[in-house]
Amino acid sequence: MVEAKAALNAALTEGDDKAQAAALESYLDIMQKEVASQISHEVNATSGDKTVLSQRGANVLTSAEKTFFNAVIDAGGFETESILPVTTQERIFEDLVKAHPLLQAIGLKDMGAVTRIITSNPSGAAVWGKLMGDIQGQIGAAFDEVEITQNKLTAFAIIPNDMLDLGPEWVERYVRTVIAEALSVGLEEGFLNGQGQGVNQPIGLLKDVDSSTGAVTDKTATGDLTFESGKVAVEELADVYKTLSRTTDAQGAEKIRNVAGKVSMVINPLDHYDLLAATMIQNQNGTYVANVPFNPEIVESDIMPEGQVLFFVKGEYLAALAGGYQLKRYDQTLAMEDAMLYTIKQFAHGEPLNNDAAKLYNIVQPTEAV
């Protein structure tokens, strides 16, 4: 599945629509076969004592969930426009952020049925004055409304008919796993590389937005990093943090913000090993530990371009899901036997609060540093 996901990421970045569709079909096919095989193995390995299984952390459904998934089994699949139970949707979201550190670091929120978010940017000042004098100064706020339903993320789920014979707990478990994994690919791609509302996508962290025209462009690298061990790495990361500490308000005036403990660092897995090698030290117990200056939260993402690293301030990116996970039976011929294909619709949105929310840097060898 790792190779299929890598091929999908490459197609999403460089391929045309036909190549992307083929890569997505291959990835979903392999992923869902692996999930089905794992669940079938677990069914065969467990006993029927539900009390003991529950105490051991096995999958246990609420009465509403059991009723819903029993109806799915009786009908031979999901009915058209089926909406999953709210508690199942909550578990999908928990699975989603738990298995994908980037989504957790970004602060992805599940808004449930809420599809609009009101944001505000307070500004103003406290002014000294006489005890009984006129009130000095004023506080203002710029309000904005974000419509989450502007962006619709559609994924596909292949549900083998044999899975329906395993019982409601296993059908629910399979559906949760497949939906979380299928949606994660689109969400990570959108939150990093999204091109904006012009193409019904989020605005990714790797993008800048022109405040006057709204045009979305690729973010230009702020500088180079070598991660050379010792004082060099400390000075490089200090400059990164100082850069992130500077931002501008709605009027374009520079402001200083505290980013200590709020910085996440998104890096390609291959570059992460180089970073670890450069910053690894051996402590007094003989254990090797990575010692990255200023302790940014390091998040691996295979969607992040190799040779670059992204730093963003936590809380400065709006990422949300809204509406229910809606399943619709796909009425076209499926190139698989004894299975049914479903589309899964979910509303999602993401955008940085401003261009200073994230900064991009190139990773270079120490001899290449400028």
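Per-structure values
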read-out	value
Boolean, D165 is over 30 Å from E34 (Cα atoms) and open to solvent by 50 Å² or more (accessible area, probe 1.4 Å)	no
Number of positions in region 340-364 that are among the basic types (K, R) and either open to solvent by less than 20 Å² (accessible area, probe 1.4 Å) or over 20 Å from the mean Cα position of the chain (by Cα) (or both)	0
Filtered residues of region 97-121 (kept if at pLDDT 85 or above, closer than 14 Å to A322 by Cα and aliphatic (A, V, I, L, M))	L108
Test set (1) closer than 27 Å to Q326 by Cα; (2) modelled with pLDDT of 85 or more; (3) not in a loop (DSSP other than H, G, I, E, B) - T154 fails condition number	(2)
Test: residue in region 306-313 that is modelled with pLDDT of 90 or more, open to solvent by 40 Å² or more (accessible area, probe 1.4 Å) and out of contact with any Ser or Thr (no Cβ under 9 Å at 6 or more places or on another chain)	yes
Single unsatisfied condition, G323 versus (1) in contact (Cβ under 8 Å) with a residue 24 or more places away in the chain; (2) on the phi < 0 side of the Ramachandran plot; (3) not aromatic (F, W, Y)	(2)
Hits in region 257-291 (condition: among the β-branched types (V, I, T) and surrounded by fewer than 17 Cβ atoms within 10 Å (Cβ to Cβ))	I281, T287, V289
Only one of N44, N70 that is among the polar types (S, T, N, Q) and at pLDDT 85 or above	N70
Top-ranked residue of region 175-209 - restricted to ones that are among the acidic types (D, E) and closer than 26 Å to Q89 by Cβ, ranked as least open to solvent (accessible area, probe 1.4 Å)	E188
Extreme residue, modelled with the highest pLDDT, among residues of region 47-67 that are in a loop (DSSP other than H, G, I, E, B) and open to solvent by 50 Å² or more (accessible area, probe 1.4 Å)	T62
Filter pass, D218 being touching a Ser or Thr at 6+ places or on another chain (Cβ under 7 Å) and not hydroxyl-bearing (S, T, Y)	no
Residue check, L183 out of contact with any Asp or Glu (no Cβ under 9 Å at 6 or more places or on another chain), more than 27 Å from D274 (Cα to Cα) and assigned to a strand (DSSP E or B)	no
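Table: residues versus (1) farther than 27 Å from G194 by Cα; (2) in contact (Cβ under 8 Å) with a residue 60 or more places away in the chain.
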{"position": "D274", "(1), (2)": "yes, yes"}
{"position": "A277", "(1), (2)": "yes, no"}
{"position": "P293", "(1), (2)": "yes, yes"}
{"position": "I298", "(1), (2)": "no, no"}
{"position": "Y317", "(1), (2)": "no, yes"}
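The values are calculated or read from the model by the stated rules, or taken from the named source; none is laboratory data. These numbers come from a predicted model, not from an experiment. Because the Cβ atoms are built from the backbone with ideal geometry, glycine has one as well, and the counts that use them run over all protein chains shown. Areas reflect the complete protein model, heavy atoms only, side chains present, ligands, DNA and RNA absent. Shrake-Rupley method; radii C 1.70, N 1.55, O 1.52, S 1.80 Å.
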